Amino acid sequence: MGESKRDKSLGIKTTGLREWKDRRDQYNRYEATPYKALDRLFKYHKLSKDDKVVDFGCGKGRVSFYIHNRFQIPVTGIEANPITYEEALDNKRTYILKANHISAPINFQYGLAEHYQIDYDDSCFYFFNPFSVEIFKKVVTNILFSVADSKRTIHLILFYPLPEFKRYLEQHTPFEMINKIKMPLTSDKYNKFLVYRLQEDI
């Protein structure tokens, strides 16, 4: 099933690209994670019923809707592009017509990722290379402060991770890589998921 057909099954429209007119040095263009990649990720990495997911740079919401629909757990998407954010809200209006049986909330917030207030029960954070490593460091620092206040296990999922992201996590944070999920039939060494975990005693 193609991308558009998968979108249609969820009642959403998330295909296409969108470049930034400004912030190009800090925020990357909108491009949705392929559905085949999401299928492969969650074949090898399962989310639990107690997880609460934050999708940074959520764009039009594909990953948020996919996770919410598949695992029926709370999801929050964060988007800094005002046009793309409005499209995510439009998608939510049509999505909930098909997913009104799911009680878990799905929400979208407009704003910069580094300004998002980490909730005490946010436990899984998704990144598809949405912004510079400088912003990524600020977001991870916010997550670590949150864990200091509310002990819990945290997972970071990185799709298409660049070396500086991996290097920062492994050299300057307590996160440990627990899974590497490569996409088949590709010569692109970045076309993979890296899953990191911070295990905190509760």
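The values are calculated or read from the model by the stated rules, or taken from the named source; none is laboratory data. Bear in mind the structure is a predicted one, so any value in this text is a computation, not a measurement. In this analysis, Cβ positions are derived from the backbone assuming ideal geometry, glycine residues included, and neighbour counts consider all displayed protein chains.
Note on segment 68-86: residues that are surrounded by fewer than 24 Cβ atoms within 10 Å (Cβ to Cβ) and either in contact with a Ser or Thr (Cβ under 8 Å, 6 or more places away or on another chain) or within 11 Å of Ala104 (Cβ to Cβ) (or both) total 6.
Evaluated against (1) assigned to a helix (DSSP H, G or I); (2) under 13 Å from the mean Cα position of the chain (by Cα), Gly77 falls short on exactly one condition, (1).
The rows are residues; the columns are (1) surrounded by 17 or more Cβ atoms within 10 Å (Cβ to Cβ); (2) closer than 16 Å to Leu47 by Cβ.
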site: Gln117; (1), (2): no, no
site: Ser146; (1), (2): yes, no
site: Ser150; (1), (2): no, no
site: Ile154; (1), (2): yes, yes
site: Glu164; (1), (2): no, no
site: Tyr190; (1), (2): no, no
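For (1) outside any loop (DSSP other than H, G, I, E, B); (2) over 19 Å from Phe175 (Cβ atoms); (3) in contact with a Ser or Thr (Cβ under 8 Å, 6 or more places away or on another chain); (4) modelled with pLDDT under 95, each residue gets a yes or a no:
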residue: Asp90; (1), (2), (3), (4): yes, yes, no, no
residue: Arg93; (1), (2), (3), (4): yes, yes, no, no
residue: Ser103; (1), (2), (3), (4): no, yes, no, no
residue: Gln109; (1), (2), (3), (4): yes, yes, yes, no
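Only a single item in (1) surrounded by 14 or more Cβ atoms within 10 Å (Cβ to Cβ); (2) assigned to a strand (DSSP E or B); (3) not hydroxyl-bearing (Ser, Thr, Tyr) is not met by Val140, and it is number (2). Checking the stated criteria, Val147 turns out not to satisfy the condition of being assigned to a helix (DSSP H, G or I), under 22 Å from Thr33 (Cβ atoms) and of a type in the set (Val, Ile, Thr).
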